[in-house]
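Enquirer: Before we start, here is the structure in question, set down as structure tokens.
The values are calculated or read from the model by the stated rules, or taken from the named source; none is laboratory data. From a predicted model like this one, the values you see are computed outputs, not experimental measurements. Ideal geometry is used to build each Cβ from the backbone, glycine not excepted, and the neighbour counts take in all protein chains shown.
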Amino acid sequence: MRTITFLSLLSVVGCSSKESALPFGGTADSTESSSDDTSSSNTGTGDCGDEWTESDGVHIQPGTCLAWSPRSEETMDWYSAVSSEDADRGGCGSDCPDEDSVGYCTIFNSMDGRTDWRIPSKEELKQASYEYPEFDNVEGRLWSRDTGSGSTGNAWTVDLSRAGAWMEMAKDDEGNRVRCVSGG
């Protein structure tokens, strides 16, 4: 009698370069390349230690040393969340915000002495979800800067409390929050 163990199944899925549907409407993949400002390695601890740290509401991610802002109190659509620069870096295609869009993250400029706050990429959000972030209000979908792969009218969201839970949402959906990052 042949049985397939759960680990064997994971190793087959983990080596695949194709996306597969998840029961909550998203997709999973394991071979996406990281963008120019994301950390593709999670093995080192860098200068920021090997545990999440917090100072004045800013959380520092181990390994990547990314600084994470508090989560937005209000939900918003993607167009309100991203700056035109973030949207361009995320491949907005034919569905970009206005050229002068400054985005939500500008409210954090100078927080913790940082001036480079921005919307995280899908990869940065995914990596943080696998490292079980230790900050308040971790539940719920967060906007990434990255436009969806199926339509330029969609963008990727990630739920940090559910490792592996990412999905495309319509950019005009007003039900997602934002958590900004600095560094990387």
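Enquirer: In region 91-147, which residues are over 11 Å from the mean Cα position of the chain (by Cα), surrounded by 16 or more Cβ atoms within 10 Å (Cβ to Cβ) and closer than 16 Å to Met167 by Cβ?
Expert: Gly140, Thr147
Enquirer: So, in region 102-148, exactly how many residues are more than 13 Å from Val181 (Cα to Cα), of a type in the set (Ser, Thr, Tyr) and modelled with pLDDT under 90?
Expert: So the count comes out to 1.
Enquirer: Could you tell me whether region 150-161 includes any residue that is assigned to a loop (DSSP other than H, G, I, E, B) and touching a Leu at 6+ places or on another chain (Cβ under 9 Å)?
Expert: Yes.
Enquirer: Let me ask another. Of everything in region 73-87, what is over 18 Å from Asp146 (Cβ atoms) and in contact with a Lys or Arg (Cβ under 6 Å, 6 or more places away or on another chain)? Give them in sequence order.
Expert: The answer is Thr75, and nothing else.
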